[in-house]
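Since the structure comes first, as structure tokens, the remarks are kept for the end.
The values are calculated or read from the model by the stated rules, or taken from the named source; none is laboratory data. Nothing here was measured: the structure is a model prediction, and the numbers come from that model. With ideal geometry, Cβ positions are generated from the backbone for all residues, glycine too; neighbour counts draw on all protein chains shown. These area figures cover heavy atoms from the full protein model, side chains too; ligands, DNA and RNA do not enter into them. Shrake-Rupley method; radii C 1.70, N 1.55, O 1.52, S 1.80 Å.
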Amino acid sequence: MASKSFDMVVIGAGPGGYVAAIRGAQLGLDVAIVERENMGGICLNWGCIPTKALLRSSEVFHLMHRAKEFGLKAAGVDYDLDAVVQRSRDVAKQLNGGVTHLLKKNKVTALMGEATLTGKGKVSVKTDKGSEELTAKNIILATGARARELPGLEADGDLVWTYRHALVPPRMPKKLLVIGSGAIGIEFASFYNTLGADTTVVEVMDRVLPVEDAEISAFAKKAFVKQGMKIMEKAMVKQLDRAKGKVTAHIETGGKVEKLEFDTVISAVGIVGNVEGLGLEALGVKTDRTHVVTDEFCRTGVDGLYAIGDIAGAPWLAHKASHEGVMVAELIAGGHPHPVKPESIAGCTYCQPQVASVGLTEAKAKEAGFDIKVGRFPFIGNGKAIALGEAEGMIKTIFDAKTGELLGAHMVGAEVTELIQGYVIGRQLETTEEDLMHTVFPHPTLSEMMHESVLDAYGRAIHF
């Protein structure tokens, strides 16, 4: 069978792959994209987007219970889990259709099937109808990642779930154990806890949300505990005994093993890259612990072969994948893009309260040898936060005392996932404390706290 020739073939149509394909097409390249499951990848179908839809339902439910505080009456407040899940699936479906439309509009050839690299610049795609052979000068691997499964803690979809099962639950958990308190674990803990599940979170590190600034982690933990979650830190689930309708978890803390009973377990202990079956070994592509090793421009070391997004390693964030996709497409089209800097990428967690950060934590800034100035501002000092009934939270900023460079910003509280972008732009434009101090923030907004946090680092906060 004759092979079809393209300027660029993208393997994987998640937020890295489909964005790379569209940008390539915009730049005049002839592009094909191969996807084995869902257009939009995990992010749109089984990750970022559907989880936000679920969390929005639980947030509204939580607010309905607080009606009295706002002078409102809401009696007999309840939820229909199937309808909540259906809304989430509908949102995912709408966006999945949107990606298909965008690829078509940009004249990208889309193929559904399993791709294998059969040689340099050669891709074989196994489809329903047989196999298609493609050739391309440039190939982008954007195959993403999947949930890490620990031996003995494997998911079965009934008692033990991964994020996938948790998105389309067969039932509402009564007593829930969440293993891992990174973004995925804590978002599901937040969702099910708000809907009334008795929730326990086990984290192997010394604090929940371990990648966040220690002060933010501590603040978030206090809020979670107040909401009724049980948090076990420096703890490890050694084994799960499964019986009919129940799981006994052996949890080790401080050398002692406790046996606790649950009806549902969600395992969120990290991810592994989808590197299998692609034919990488034969081409001599270097992998390190299930991730493809790349340089700052996502080049694999094999001529014309790039890897972007989760398969190329941390940070495992959709927006990092998209940005890398654009960068690589521009590089292939002969442009001179800037490399993506991991430390300029914000992380957002949509639990209640929300958590968001960019740049260095206080500990990392000190470790790197910076002499620092730290500013903080609490939500309780902000008029808009009080008016919203969201007076719990804080914003923390870290500056280089010598140059005034904004080294990091860390937030916990209502809508911080939207606020963080202000500091992201600040870092991108190499803003100093002086620029931020001279910026006029609108009133009354939550964003004013960003101003006050900067002022506080220099002993100039007005409202606290």
Can you grab the distance from the C-alpha centre of segment 37-54 to the C-alpha centre of segment 1-36, Å, no decimals? 21 Å
Interchain or sequence-distant (5+) residues whose placed amide H lies within less than 5 Å of the amide H of S5 are T135
Per residue, accessible area of segment 1-116 with a 1.4 Å probe, heavy atoms of protein chains only, in Å², comes to 52 Å²
Rounded, prolate or oblate for segment 126-242? Axes are the square roots of the Cα gyration tensor eigenvalues, ordered a ≥ b ≥ c, and the cut-off for rounded is a/c under 1.5. prolate
Going 7 Å from the Cα of A74 along its beta-carbon direction, which residues of segment 186-230 have the amide nitrogen within less than 13 Å of the resulting point? 195
Taking a probe of 1.4 Å and leaving out DNA, RNA and ligands, segment 164-221 shows per residue an accessible area in Å² of 32 Å²
In deg cm²/dmol, rounded to 500, what helix-only [θ] at 222 nm does the chain give when every DSSP H run of at least 4 residues adds -39500 (n - 2.57) and the total is split over its residues? -9500 deg cm²/dmol
Using a probe of 1.4 angstrom, how much of the accessible area of the chain is carbon and sulfur, in percent? 54 percent
Calculated FRET efficiency, D371 and K175, Cβ-Cβ r, R0 51 Å, to nearest 0.05? 0.55
Please list, ordered by chain and number, the residues whose modelled amide H lies under 5 Å from the amide H of I345; skip anything fewer than 5 residues away on the same chain. G359
Solvent-accessible area of H323 with every protein chain in place, 1.4 Å probe, in Å² to the nearest 10: 120 Å²
Going by Cα centres, segment 376-423 and segment 341-371 are how many Å apart? 12 Å
Quick check: Cα centre of segment 193-212 to Cα centre of segment 156-192, how many Å? 11 Å
In this structure, the FRET efficiency calculated for L150 and H62 from their beta-carbon separation, with R0 = 41 Å, to the nearest 0.05, is 0.85
Mean Cβ neighbour count within 10 Å, used as a protection proxy, ranking 144-156, 445-457, 296-308 highest first: 445-457, 296-308, 144-156
Evaluate E = 1/(1 + (r/R0)^6) for K234 and K52, where r is the Cβ-Cβ distance and R0 equals 30 Å; express this FRET efficiency to the nearest 0.05. 0.50
Rounded to the nearest 5, the percent of DSSP beta bridges in the chain running antiparallel is 65 percent
If I ignore ligands, DNA and RNA and count only protein heavy atoms, how much of D30 is accessible to a 1.4 Å probe, in Å² to the nearest 10? 70 Å²
Sequence-distant residues sharing a close amide H with K230 (under 5 Å, placed H): T199, T200, V201
In terms of the charge dipole of the chain, which places +1 on Lys and Arg and -1 on Asp and Glu at the beta carbon, the residue among G304, G404, Y18 farthest towards the positive end is Y18
